[in-house]
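Chemist: Sharing a structure with you now.
The values are calculated or read from the model by the stated rules, or taken from the named source; none is laboratory data. Nothing here was measured: the structure is a model prediction, and the numbers come from that model. Cβ sites come from the backbone with ideal geometry, for glycine too, and all protein chains shown count toward neighbours. To get the accessible areas, we keep the full protein, side chains included, count just its heavy atoms, and leave off ligands, DNA and RNA. Shrake-Rupley method; radii C 1.70, N 1.55, O 1.52, S 1.80 Å.
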Amino acid sequence: MNRFDYVRPSTVAEAVQALGSDPAARFIAGGTNLIDLMKYDVERPGKLIDITRLPLGEIEERDGGLRIGALVTNATLAYDSRIRERYPLLADAILAGASAQLRNAATTGGNLLQRTRCYYFYDTATPCNKREPGSGCSAIGGVDRIHAILGTSEHCIATHPSDMCVALAALEATVQVSGPQGDRAIPFAEFHRLPGDEPAKDTTLAPGEIIVAIDLPAKGFAGTHHTYLKLRDRLSYAFALVSVAAALELDGQTIRTARLALGGVAHKPWRNREAEALLQGKPATRESFKAAADLILREAKPQSTNGFKIELTRRAIVRGLEQAAAGTPQSQSDKRIQ
């Protein structure tokens with residue numbers, strides 16, 4: 001029996017205070033991940049802080065872009081006309097994830113805080129450095145088919161599960177947080193961590209901080225040259241083996257700007273600015289896209305059974321960029337990757 005206290009603050013300040021007073025406390029909103037973790041005994045919070053009453057459920061215009069409240073549901077965000085028109089890459093990524101029922105409950109802030117879907121993380125009978133720091137990583141040398149090929153460490157090879165976060169990385173969003181030391185803004189590229197020697201820390205949130213909003217910049221790649229490609233073991237309701245968020249600005253057939261982020265390959269959404277710079281000024285051809293893929297994967301490290309993900313990722317990058325260049329925004333997960 002997992003016993004816990006329950007509180008329901010009405011302001012952000014009250015929520016921050018409630019979290020700071022109890023290290024075992026956890027925020028809960030949609031609960032689509034935390035409830036699973038509690039069912040599997042992975043998390044045993046001493047206090048649940050229900051934040052659903054906080055005034056964080058709006059999408060607002062801000063500095064030419066949009067500010068998305070942390071409690072905006074995934075469904076509301078994906079179908080908002082401003083998101084569809086100005087940030088279609090984000091809408092497509094959200095609709096590629098989970099089920100309609102989960103999207104109706106899951107929140108924007110909660111999506112950023114999803115824990116890994118590593119088999120061993122969820123199996124409390126096995127050692128896991130994310131659950132119990134210093135206990136070891138059972139995935140290394142174990143069943144590692146779905147695990148990371150980039151940014152791994154000797155302590156963890158888990159992957160980040162979110163589709164939405166891959167698009168937010170490509171769009172260069174900013175995470176707004178509030179905590180005991182006040183408010184601060186975290187560039188999205190700095191929000192999630194690589195495992196290093198502290199794999200239990202998924203993000204750079206300081207103790208007591210809460211996500212209050214995500215800011216989207218004015219530039220949203222609203223034209224036709226974007227795509228979210230998600231490759232998975234089955235077409236629906238599955239996490240990505242590899243996903244690609246690609247957005248291009250073209251001058252004729254020449255690439256003026258490129259944004260490229262990957263999911264399913266690392267402990268955080270993976271973005272390589274060198275590869276994006278390599279594409280600038282190049283023709284939008286398969287040769288250019290292959291060169292970018294080779295650059296991204298030059299430090300890829302396979303495990304015992306996931307070496308196939310390197311070639312799969314290479315082909316996914318090329319296909320994703322080809323789709324973006326051709327103006328094919330929808331996920332083409334059901335098509336063969338060549």
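Chemist: Does Gly46 count as surrounded by fewer than 16 Cβ atoms within 10 Å (Cβ to Cβ), more than 16 Å from Met164 (Cβ to Cβ) and touching a strand residue (DSSP E or B) at 6+ places or on another chain (Cβ under 7 Å)?
Modeler: Considered against the rule, which asks whether it is surrounded by fewer than 16 Cβ atoms within 10 Å (Cβ to Cβ), more than 16 Å from Met164 (Cβ to Cβ) and touching a strand residue (DSSP E or B) at 6+ places or on another chain (Cβ under 7 Å), Gly46 comes out as yes.
Chemist: Can you tell me which of Ala100, Ala75, Ala106 is within 30 Å of His225 (Cβ to Cβ), touching a residue at least 12 places away in the same chain (Cβ under 8 Å), crowded, with 24+ Cβ neighbours inside 10 Å and not polar (S, T, N, Q)?
Modeler: The match here is Ala106.
Chemist: While we're looking at this one, here's another question. What's the number of the only condition in (1) in contact with an Asp or Glu (Cβ under 6 Å, 6 or more places away or on another chain); (2) at pLDDT below 95 that Ala98 fails to meet?
Modeler: It fails just one condition, (1).
Chemist: Condition test on Ser21, is it loosely packed, with under 14 Cβ neighbours inside 10 Å, in contact with a Lys or Arg (Cβ under 6 Å, 6 or more places away or on another chain) and at negative phi?
Modeler: no
Chemist: Taking only the stretch 127-145 into account, find how many residues are open to solvent by 40 Å² or more (accessible area, probe 1.4 Å) and either at pLDDT below 95 or closer than 20 Å to Leu312 by Cβ (or both).
Modeler: Residues meeting the conditions: 2.
Chemist: Collect the residues in the stretch 146-157 that are more than 18 Å from Val242 (Cβ to Cβ), in contact (Cβ under 8 Å) with a residue 24 or more places away in the chain and surrounded by fewer than 24 Cβ atoms within 10 Å (Cβ to Cβ), keeping them in residue-number order.
Modeler: Within the stretch 146-157, Ser153, His155 qualify.
Chemist: Quick test of your reading of the structure: Gly20 fulfils all but one of (1) within 21 Å of the chain's Cα centre (by Cα); (2) modelled with pLDDT under 95. Name the failing condition by number.
Modeler: With respect to (1) within 21 Å of the chain's Cα centre (by Cα); (2) modelled with pLDDT under 95, Gly20 is out only on (1).
Chemist: Let me ask something else about it. Out of curiosity, is Asp80 open to solvent by 20 Å² or more (accessible area, probe 1.4 Å), touching a residue at least 24 places away in the same chain (Cβ under 8 Å), under 21 Å from Gly223 (Cβ atoms) and in contact with a strand residue (DSSP E or B) (Cβ under 7 Å, 6 or more places away or on another chain)?
Modeler: So Asp80 fails the test.
This table checks each residue for (1) at pLDDT below 95; (2) over 17 Å from Gly263 (Cβ atoms); (3) among the hydrophobic types (A, V, I, L, M, F, W, C).
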residue	(1), (2), (3)
Gln280	no, yes, no
Pro283	no, yes, no
Arg286	no, yes, no
Lys290	no, yes, no
Leu295	no, yes, yes
Thr305	no, yes, no
Ile317	no, no, yes
Gln323	no, no, no
Gly327	yes, yes, no
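Chemist: In addition: Mind counting the residues in the stretch 235-258 that are in contact (Cβ under 8 Å) with a residue 40 or more places away in the chain, over 15 Å from Pro283 (Cα atoms) and surrounded by 13 or more Cβ atoms within 10 Å (Cβ to Cβ)?
Modeler: So the answer is 8.
Chemist: Checking Tyr40 against (1) without any contact (Cβ under 8 Å) to a residue 40 or more places away in the chain; (2) open to solvent by 30 Å² or more (accessible area, probe 1.4 Å), only one condition comes out false. Which one?
Modeler: (1) is the only condition that Tyr40 fails.
Chemist: Since Asp123 meets every condition but one in (1) open to solvent by less than 30 Å² (accessible area, probe 1.4 Å); (2) more than 19 Å from Asp163 (Cβ to Cβ); (3) out of contact with any helix residue (DSSP H, G or I) (no Cβ under 9 Å at 6 or more places or on another chain), which condition does it not meet?
Modeler: Here Asp123 meets the rest and fails (1).
Chemist: Only one of Asp183, Asp197 is out of contact with any Gly (no Cβ under 6 Å at 6 or more places or on another chain), surrounded by fewer than 20 Cβ atoms within 10 Å (Cβ to Cβ) and free of Cβ contacts under 8 Å to residues at least 40 places away in the same chain; which?
Modeler: Asp183
Chemist: Wholly within the stretch 1-63, which strands (runs of 3 or more DSSP E) include no fewer than the required count, namely at least 2 residues that are more than 15 Å from Arg115 (Cα to Cα) and of a type outside the set (Val, Ile, Thr)?
Modeler: Per the criteria, 5-7, 47-50, 59-62.
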